[in-house]
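Q: Submitted below is the structure of interest, expressed as structure tokens.
The values are calculated or read from the model by the stated rules, or taken from the named source; none is laboratory data. It should be emphasised that the depicted structure is a prediction, and the values quoted were computed from it without experimental measurement. Every residue, glycine as well, gets a Cβ built from its backbone with ideal geometry; the counts of neighbours run over all protein chains shown.
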Amino acid sequence: MLEQFARLNAKTASLKISGNPPLLDVTDLCGVLALLDEHHSWYIYAMIEQRRAHNMELLHKYIQQLVMQEMRKREFKSRKVKLMDFAYGVTKAALFAHFNPRGKCKVCNGLGFKAAKRCEHCNGKGTREYNWSEKVQYGFPHRRDLTRDWYRKSCGYYDQFIESILHEIAAELSEKLNKVRRQAIAYKRLESAVLFDDDL
């Protein structure tokens, strides 16, 4: 999925392109984004590092609002951090962990699976997870009184809530791209069949 979008951005140097001719063109990809809500564009352009800071900021604000709504729904209250600061910090930590993986999972070597089963160590992601202490340091850098246990107990649910939102965005992008890709394959087959008939 990322390779298709990376082709739109000449500045994307962090992704290895396969060298195969693209099945989809710029018009197809723009059409995919046009069918989805704008936060999908923020996600994909942040992922391929196109105006990353700008798109990360927009995505952060969007997800922070969802976190605030979920906090109100659950009537959540924090004794140590103001609710706005809590939502900002946990969103910042979760987004950083999602967009800046630490590398491959050592147990499954980045595959996400081991012996045909989902890797329990990385939960099938294939990447090394940041621990609670690291997330506290990134999400709440000026609060030395906050501990890893506090993050696990207070932020753990919202951390997973944010991760589920991000995975849903990625899944929706992938689904739309695959649909367009299948249409492109069907068209090429039809085109080839017509050319073959003409030869007869």
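Q: Which of the residues that make up region 161-176 are over 12 Å from I44 (Cα atoms) and either modelled with pLDDT under 75 or touching a helix residue (DSSP H, G or I) at 6+ places or on another chain (Cβ under 8 Å) (or both)?
A: F161, I162, E163, I165, K176
Q: Scan region 65-89 and report the pairs whose first residue is in contact (Cβ under 8 Å) with a residue 40 or more places away in the chain and whose second residue is part of a loop (DSSP other than H, G, I, E, B) and β-branched (V, I, T), with Cβ atoms within less than 9 Å and a gap of 6+ or a chain change.
A: From region 65-89, the pairs are G89/V81.
Q: Further question: Please verify whether K125 is in a loop (DSSP other than H, G, I, E, B), modelled with pLDDT under 80 and either buried (at least 16 other Cβ atoms within 10 Å of the Cβ) or among the hydroxyl-bearing types (S, T, Y) (or both), treating the condition exactly as stated.
A: Values: in a loop (DSSP other than H, G, I, E, B): yes; modelled with pLDDT under 80: yes; either buried (at least 16 other Cβ atoms within 10 Å of the Cβ) or among the hydroxyl-bearing types (S, T, Y) (or both): yes.
The answer is yes for K125.
Q: Return the pair list, or none, for Cβ contacts closer than 6 Å from residues in region 128-145 that are under 23 Å from G110 (Cβ atoms) to residues that are outside any loop (DSSP other than H, G, I, E, B), at least 6 apart or on different chains.
A: Y130/A97; W132/R148; W132/Y151; W132/R152; K135/A93; K135/Y151; Y138/A93; Y138/F96
Q: Determine whether M71 is among the aliphatic types (A, V, I, L, M), modelled with pLDDT under 95 and either surrounded by 14 or more Cβ atoms within 10 Å (Cβ to Cβ) or not in a helix (DSSP H, G or I) (or both).
A: Here the answer is no, as M71 does not meet what is asked.
Q: Continuing with the same structure: What is the number of the single condition among (1) touching a residue at least 60 places away in the same chain (Cβ under 8 Å); (2) out of contact with any helix residue (DSSP H, G or I) (no Cβ under 8 Å at 6 or more places or on another chain); (3) not charged (D, E, K, R) that H54 does not meet?
A: (1)
Q: For the structure I just gave you, tell me whether L66 is of a type in the set (A, V, I, L, M), at pLDDT 90 or above and not in a loop (DSSP other than H, G, I, E, B).
A: For L66, the condition - of a type in the set (A, V, I, L, M), at pLDDT 90 or above and not in a loop (DSSP other than H, G, I, E, B) - is met.
Q: Within region 119-152, how many residues are among the β-branched types (V, I, T), more than 19 Å from the chain's Cα centre (by Cα) and under 19 Å from P101 (Cα atoms)?
A: 1
Q: Considering only residues of region 43-55 that are surrounded by fewer than 19 Cβ atoms within 10 Å (Cβ to Cβ) and not charged (D, E, K, R), which is farthest from Y157 (Cα to Cα)?
A: The extreme case among them is Q50.
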